[in-house]
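The values are calculated or read from the model by the stated rules, or taken from the named source; none is laboratory data. These numbers were taken from a predicted model, which means no experiment stands behind them. Cβ coordinates were reconstructed from backbone atoms using ideal geometry, including for glycine residues, and neighbour counts include every protein chain displayed. Surface areas here come from the heavy atoms of the whole protein model, side chains and all, with no ligands, DNA or RNA. Shrake-Rupley method; radii C 1.70, N 1.55, O 1.52, S 1.80 Å.
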Amino acid sequence: MGKESGEMSNEASWIKKVKQHSNRDAADALVSSYYKEIYGYVYKQTMNKELAMDLTQEIFIRMLQSITHFDESRASFRTWLYKIATNRLIDYYRSKYYKYNRLTTPIVEELPGAEDFTVTVQNKQDVEQIIAIVSTLDIAAQQIFRLKFFAEYTFMEIAALLELSESTVKSKYYAMIRKIKRSMEVTSNEV
């Protein structure tokens, strides 16, 4: 996932050009270098191609609008971009649009379940159920879960990004996993 040093110097140059001159070519290069990665992160949490494309576009618009506030001494650009993406996803799942859509959109696709939790969430219904549970949590908990589970950040990276201790991040994450598993077991027993 990490960028090579040549790509990093290009990235720094692009960021500088966008910050100082609103350079369109540099902005396009910056977006292009992260588009697939961010789209994948969003898609894993929406399981909807069009929605993922729309949200990814909004994330990059927000990134370009706020790039002057990016401080490379505090975090890498990639980390900063994931924070923007995570916050946009949290906003989406808290929105009235999502809540309305969830009540009116039937789930058509259903795949056979698997025993392993990480395999089970490949099922669209399970992802939607997990996101619904996660969306009820406080913002810090949502950020931890989304960055760990969907972006595959390490506990150390999440702790640095959110300015929490690594042990706090771990305990919150594992508490969320237990809560999600319990909620999913209750739901499957009700069916």
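What to note about this one:
Rundown of residues vs (1) modelled with pLDDT under 85; (2) touching a His at 6+ places or on another chain (Cβ under 7 Å); (3) open to solvent by 30 Å² or more (accessible area, probe 1.4 Å), yes/no style:
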| residue | (1), (2), (3) |
| --- | --- |
| Thr120 | yes, no, no |
| Glu128 | yes, no, yes |
| Ile133 | no, no, no |
| Ile139 | no, no, yes |
| Ala151 | no, no, no |
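- Of all residues in the range 71-87, those that are surrounded by fewer than 16 Cβ atoms within 10 Å (Cβ to Cβ) have Cβ atoms under 7 Å from Cβ atoms of residues that are not charged (D, E, K, R), 6 or more apart or on another chain, in Lys83/Leu161.
- Qualifying residue in the range 33-41 (condition: over 24 Å from Phe155 (Cα atoms) and β-branched (Val, Ile, Thr)): no
- Residue list for the range 154-165, restricted to those being at pLDDT below 90 and open to solvent by less than 70 Å² (accessible area, probe 1.4 Å): Leu161, Leu162
- Lone qualifier among Lys96, Lys3 - being surrounded by fewer than 14 Cβ atoms within 10 Å (Cβ to Cβ) and modelled with pLDDT under 95: Lys96
- A Cβ distance below 8 Å, combined with a sequence gap of six or more or placement on separate chains, defines the contacts here; from the range 16-43, residues that are closer than 29 Å to Arg146 by Cα reach residues that are among the hydroxyl-bearing types (Ser, Thr, Tyr) and crowded, with 16+ Cβ neighbours inside 10 Å in the pairs Tyr35/Thr56; Ile38/Thr56; Ile38/Tyr82; Tyr39/Thr56; Tyr41/Tyr82; Val42/Thr56.
- Number of positions in the range 128-163 that are under 14 Å from Met184 (Cβ atoms) and touching a residue at least 40 places away in the same chain (Cβ under 8 Å): 6
- The set of residues from the range 43-62 being of a type in the set (S, T, N, Q) and either part of a helix (DSSP H, G or I) or surrounded by fewer than 16 Cβ atoms within 10 Å (Cβ to Cβ) (or both) comprises Gln45, Thr46, Thr56, Gln57.
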